Amino acid sequence: MIRTLRPEKRTPRVAVLAASAPLSLLLLLTAAALPAQQQRAVPSIAEYTKGLEQRDGYFPLYWDAVRGRLLLEVPRTGEDFLYLTSLATGIGSNDLGLDRGMIQEDFIARFERVGPKLLLVLQNPSFRAETEPTEALARSVQESFPTSTVASFDIVAGEGDRALVDATAFFLRDALDLPGRLERAGQGKSRVDAERSVIHLPRTKAFPENTEVEASLTLALEAPGTEIRRHTPDARSLTIRQHHSLVKLPAPGYRPRRFDPRIGVFSVSFYDYGKPFDADLVTRLAVRHRLVKKDPSAAMSEPVEPIVYYLDPAVPEPYRSAFKEGGAWWSKVFEAAGFLTAFRVQDMPPDMDPMDARYHVIQWVHRTEAGSSIGPSFRDPRTGEIIKAAVRMDSHRSLVDYNLYAGVVPAVTAGAGAGSGTGTGAGTALDVRDEFLAADGALDWVAALDPNTGAEAFAMARRRQHAAHEIGHTLGLAHNFIAASYGRASVMDYPAPLIKLVDGRIDVSDAYRAGPGAYDTIAIRYAYTEFPAEQEAAGLEAIVQEAMSRGLKFITNPDAEPSNSYPLATWWINGSDALDELERVLEVRRVLMDRFDESALRPGEPMWRLNERFVPVYLHHRYTLDAAIKEIGGMEYRYGVRGDRLPVTQLVPAERQRRALELLLAELDAAELAVPERVLRLLAPRPFGYASDARAFATQAAPAFDQVGLARTLADMVVGGILEPRRTARVVAFHERDPGMPSLEEVMGRLVDGAWGGTPPREHAALRRAVQRAVLDALIELAADAGAAVESRAAAEWGLRRIAAALRSARPGSPQEAAHRQLAAADIERFLDRRYEGGRRTEPLRPPPGTPIGGRAPWQ
């Protein structure tokens, strides 16, 4: 049985040792003090398990079908192993994020025997003494930080060092804190019901170097939330399977590699208390697979063991071919690190268990909405060696790609006519040698666009790249959100489709790059190139210096967030100049808007779906707007170290900041926010039999489409981004450093005057009022934000008073103008008189999810 350890009511004689003795020694002494009658004899394992089904392996298993028990044999105690937990089945909800194949924690564990008990103890490799270690130093570190004893078993049988325990209750416990996750997500309180939880035998197996146990757990829920009700037959009973892997530690011979912040390879880290006082206490090691040449002396060699990923048989065509092609790109990249045929994607054999810790897998995951695909892995916490990769590819994600494609179809099929320009899209300001740019990457179907084959080609071009991206994470690579700025040089960026306007025609023939990029090569070389031990440090530094000399920049999470300062480090953009790219994208958007019609739908589709297809057209520029906003109070930077020849920070020049502000103000013009009347007539209400769609624009004018609310949403994205508190604080700080930089009052003044100055337009006056309200509410929100810099709050109040002055001097207008102005004046007066606590006076409609993930407004 499994028991929870509890303190004794009276203090044992050995308690005085507690302050100094290790846990295992203390428990051993305690056991020695037990009365003889408590140290009971146990039968042999052979005797106890007679008639039970045996599954021999690393930790042998015995199944007692009569009593529903799973017995675990521990051949050796005190020996470390890897304990890995994961989720075998999912819930299918984006909001909850609990998917099939979702890997969780990797621990270093051991069984410790104390008298008649066996304890499962998780070690604490985050704190070590590896530099100039001594036995006393190692003991002092061990005694300074806790371990975690997660289970206590009664030994039911044994032979010599071997011990047998009933592990049923341990494996039927909740190892992933599902009740806590569900409660935090607002899905109600829950508990594991032991009566309805069982060992899942089909995926409970033992092998020479790993033992796999899977449990089917049923959670009993009280007042289940919406997501549980949507996804479960009976929301009061949620049955889901958890998986446990007990894995032998990797064989000796793996050489950890130092982490470098200038190259995007993930790290594991630990505190090393053997270091001298002037050294960084934290050691960081690169995360990577074990890859060793058969012939270490050869410039190019096959590996001793290649990296093989197994593709879920559930993945259908054309995805199957796309994923294999995207995965095959990495084999070519590994050649740059000196390895031939080092990586491949193979079909999963019929008898393979995807949860088996021995295999890297690419699984097909289903949810009720399009969501993220994910590339996580289990690592050895001691070294960073990747143990198991578990890529999860979302099956519904191509719907977003299809909506992008369908929104472009009317403009392509309309041919030349509206629009002008010869923009060619993403240029590069750097001469970046790119070994892997595929010459045959164009989507050659565009000249004769077909609603079926064209859509498939467009979507699969993205999914090839998508598969390569997620696999890249499991090879150890982080995102690189600036690689698009120098020739779309990495699959580890988030790629916006490159939609161009050439001689007045929309061109999507180069929408997605067909291959890896120069940055992918340099990152894999850093992670995997073999060096003699004495040459490794110099060899790795040479790779980093080469990256810098070639302009292969690296910026990752969270530095691409909308609130950040680096314009070109932005999700879902193209181009080497954010402002030039915004002007180019705006040209494309105007043509897409001008030509949008019902041909974005297939015959027989409800007209209501046009709303969904219109989203990527109206918001075609949303992420490029984010990049332009970052020019204001902008600062480029690098993850540099002392000795680099390149600067670590560089302020965006004043003229670029002012140009960005003017471009953004122009996009707040009512004519840019307006939706053509002929399009508004096509945007029908939701029909009978269809649920509401988060991918469509929300409306406060239901059942009609709300173009005023839509304008307010876009205006809020721009204004809220400009007035984001950290951005305004940067504007203040940079102006103090250089008075030639825009001051915050200059930015506020242009924003207020651009929105509230002049006379109301003859057309779309309501849209102008929506912009004015967006400016007013954003100023109130900033002024009321106790976390904002005091200079930002002061400038916001200055802007509010500027609006108040404009309202007092405004000429009489229409009744709508009068009502709008009177409310604005009253809200300003209420705020300045401190008659409310702040916050938005008018909540904007949230924009639909973006391209293809994420719908956060810039101010959030």
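Taking all protein chains together and rolling a 1.4 Å probe, Leu779 ends up with roughly 0 Å² accessible. All Cα-Cα distances of segment 200-285, cut into 10 Å bins from zero to the largest, leave 13, 20, 20, 22, 20, 4 percent in each bin in turn. Among Phe153, His735, Val400, which residue has its Cα furthest toward the positive end of the charge dipole of the chain, with +1 on Lys/Arg Cβ and -1 on Asp/Glu Cβ? Most positive-ward Cα: Phe153. Centre-to-centre separation between the Cα atoms of segment 769-785 and those of segment 794-830: 11 Å. Using a cut-off of 23 Å between alpha-carbon atoms, which lysines can reach Lys332, once sequence neighbours fewer than 8 places away in the same chain are excluded? Once the sequence-local lysines are set aside, what remains near Lys332 is Lys293, Lys294, Lys324, Lys388, Lys553. This model, with +1 at the C-beta of Lys and Arg and -1 at the C-beta of Asp and Glu, gives segment 743-834 a dipole about its Cα centre of some 400 debye. Compute the distance from the alpha-carbon center of segment 336-382 to that of segment 666-725, in whole Å. Cα centroid of segment 336-382 versus Cα centroid of segment 666-725: 40 Å apart. Considering only protein heavy atoms and a 1.4 Å probe, what is the carbon-and-sulfur percentage of the accessible area of the chain? Carbon plus sulfur share of accessible area: 52 percent. The angle separating the long axis of helix 135-144 from the principal Cα axis of greatest extent in the chain is about 60 degrees.
For segment 595-735, the C-alpha radius of gyration divided by 2.2 N^0.38 Å, with N the number of residues, is 1.40. Our note on the geometry: Cα centres of segment 557-594 and segment 202-250, 42 Å apart. Accessible surface for the chain, divided over its residues, is 43 Å² per residue with a 1.4 Å probe. Using only side-chain charges placed at the Cβ, +1 for Lys and Arg and -1 for Asp and Glu, the dipole size of the chain relative to its Cα centre rounds to 1720 debye. Within the full protein context, the accessible area of Arg320 is estimated at about 40 Å² for a probe radius of 1.4 Å. Each peptide among 205-212, 684-691, 756-763 gets the average number of other Cβ atoms lying within 10 Å of its residues, and from highest to lowest they stand as 205-212, 756-763, 684-691. Descending by average beta-carbon neighbour count within 10 Å, the peptides 184-194, 579-589, 47-57 line up as 579-589, 184-194, 47-57, the highest first.
Sorting the segments 237-250, 656-669 by their residues' average number of neighbouring beta-carbon atoms within 10 angstrom, most packed first, yields 237-250, 656-669.
Rounded to the nearest 20, the Cβ-based charge dipole of segment 121-186 about its Cα centre (Lys and Arg +1, Asp and Glu -1) stands at 260 debye.
The values are calculated or read from the model by the stated rules, or taken from the named source; none is laboratory data. On a predicted model such as this, the values are computed, not experimentally measured, just so you know. A quick note on method: Cβ atoms are made from the backbone with ideal geometry, for glycine too, and the neighbour counts reach across all protein chains shown. Protein only, heavy atoms only, side chains kept; ligands, DNA and RNA dropped before computing areas. Shrake-Rupley method; radii C 1.70, N 1.55, O 1.52, S 1.80 Å.
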